[in-house]
Amino acid sequence: MKALIFLGAPGAGKGTQAREVSKAFSIPQVSTGDILREAARKQAPMGLAAKADMEAGALVPDEVVCGIVEERIGEPDCRKGFILDGFPRTLAQAKFVDGMLEKKSFGSPLAVNIRVDEDILLKRLTGRRTCSVCGEIYNIYFNPPKKQGVCDRDGGKLLQRADDNEATIRQRLAAYENQTAPLIAYYRAKNLLHEVDGNQDPETIARGLVRFLRTV
Ligand code: AMP
């Protein structure tokens, strides 16, 4: 296994798919968004500093997220491979990943780009609910829990992310278009890009993706 990078707009299903791939290959999912949210919840200095950007739908400074990733990737469970979920999001971050992988003699990453139509993206974001206990992701339109507001697996309360509101979603989509979408061309030019049709249902996408990743 190697370093996998999950690219895609907010709501494309990066977290959902990264979870499945993480289970299938027993490699950790490193989500900068999850790490930042957890830091903010615990009121850690890094989390508090990032909170304003996150609430505004803007990107957190490169130095902050690069520091997070470098520290996390240095942990022993990442030695066999890992999934970067939501990182890199800028060209500077992509170059940082290149340098980090080279330093660790990890070889080239594989970038998986999950493409989703905008109308579906909006429903995925506004309908998303996350279990406060296990992190399982539901969607009130596409994948509702059996009992409203409660996780099927452990009965945990389902929460809506603070940044999944309409005004912030607009900013996040703009940040994606301006700063992150250019990374698709960056990895394509290096022949390190795998495109996935993210409009399908999550199980179908995961099955196809895991099947493909077994061949690389
Ligand atoms: P996500 O959970 O991936 O949607 O990320 C939620 C928010 O965390 C983003 O809107 C950004 O404010 C921040 N964030 C997460 N990953 C990054 C990153 N790689 N670069 C900059 N900001 C990030």
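At-a-glance table
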read-out: Number of positions in region 19-39 that are under 13 Å from F87 (Cβ atoms), of a type outside the set (D, E) and within 11 Å of the ligand (Cβ to nearest atom); value: 6
read-out: Only listed residue being within 15 Å of the ligand (Cβ to nearest atom) and either in contact with a helix residue (DSSP H, G or I) (Cβ under 8 Å, 6 or more places away or on another chain) or within 26 Å of H194 (Cα to Cα) (or both), chosen from D163, D77; value: D163
read-out: Residue that is farthest from the ligand (Cβ to nearest atom) [pool: residues in region 81-100 that are touching a residue at least 60 places away in the same chain (Cβ under 8 Å) and more than 12 Å from L4 (Cβ to Cβ)]; value: L91
read-out: Restricting region 5-18 to residues that are in contact with a strand residue (DSSP E or B) (Cβ under 9 Å, 6 or more places away or on another chain) and assigned to a loop (DSSP other than H, G, I, E, B), the residue that is farthest from the ligand (Cβ to nearest atom); value: G13
read-out: Test set (1) within 18 Å of R41 (Cβ to Cβ); (2) surrounded by 14 or more Cβ atoms within 10 Å (Cβ to Cβ); (3) modelled with pLDDT under 95 - R129 fails condition number; value: (3)
read-out: Test for I83: is it hydrophobic (A, V, I, L, M, F, W, C), touching a helix residue (DSSP H, G or I) at 6+ places or on another chain (Cβ under 6 Å), closer than 25 Å to L209 by Cα and surrounded by 17 or more Cβ atoms within 10 Å (Cβ to Cβ); value: yes
read-out: Leading residue by the ranking (surrounded by the most Cβ atoms within 10 Å (Cβ to Cβ)) among those in region 19-45 that are in a helix (DSSP H, G or I) and of a type in the set (A, V, I, L, M, F, W, C); value: L36
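One line per residue, one yes/no per condition, for (1) assigned to a helix (DSSP H, G or I); (2) free of Cβ contacts under 8 Å to residues at least 24 places away in the same chain; (3) more than 10 Å from the ligand (Cβ to nearest atom):
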residue: G47; (1), (2), (3): yes, yes, yes
residue: A52; (1), (2), (3): yes, yes, no
residue: L59; (1), (2), (3): no, no, no
residue: I68; (1), (2), (3): yes, no, no
residue: R72; (1), (2), (3): yes, no, yes
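The values are calculated or read from the model by the stated rules, or taken from the named source; none is laboratory data. Because the structure is predicted, anything quoted here is derived from the model rather than measured. Virtual Cβ from ideal backbone geometry, glycine too; neighbours counted across all protein chains shown.
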